[in-house]
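Each value in this text was obtained by applying a stated rule to the coordinates, not by laboratory testing. Every value quoted in this text rests on a predicted model; they were computed, and no experiment measured them. Glycine also receives a Cβ, built like all others from the backbone with ideal geometry; neighbour counts cover every protein chain displayed.
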Amino acid sequence: MNKTTRLVYSSDPELNKKCLKCKEVVSECTCVPEVDPKSYKFVAVMRMEKQGRGGKTVTVIDQLPKNEIFLKTLTTLLKKKCGSGGNYLMDGKEGVIEIQGDKREIIRPLLLKEGIKSKG
C-alpha cells in the first residue's frame, strides 16, 4: 500500500483493527508505542521532597517506565497500602510517582514484592 493512499474498506479483519488511543487504523497509527515494564530493566529512585509544597513532605519514586497503565496500577497499590494520597506524572523521559508523607519504609518492601528494584 502506498503511503499517499488511505485504506477505506477491507474485508480482512486484521487490516480493520483500530488503535485504542487515536482511533485510526493500526497501519496508519502514529502513536508512540508504550514500553512494556516487564521487559524494561530499571531501578526506581526514591527521595523525599519538601520544596515548593508548603512544607509538606512527599515521597517521590522516580525513573519508572513511562507506561500509563503500569504507573496507574502501581500508584493505586501504593496509595492503598500507605493510606495516603498520591499522583503519577509522565513528564520527561521517565514516569514519576508522588506519595504524600514520608512513606519510604512502607514503599520499599512493596516495590520489592512487585519485582521492582529500588534505591534511596
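Structure data summary
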read-out	value
Longest to shortest principal axis, alpha-carbon extents of segment 43-119, angstrom	31, 26, 21
Sequence ranges 25-31, 74-80, ranked by mean other-Cβ count within 10 angstrom, highest first	74-80, 25-31
Long pairs among K50/K113; K23/K117; K18/K103; K17/K113; K66/K103; K23/K113, criterion Cα-Cα beyond 30 Å	K23/K117; K18/K103; K17/K113; K23/K113
Net dipole in debye of segment 43-119 [+1 Lys, Arg Cβ; -1 Asp, Glu Cβ; about Cα centre; nearest 20]	220
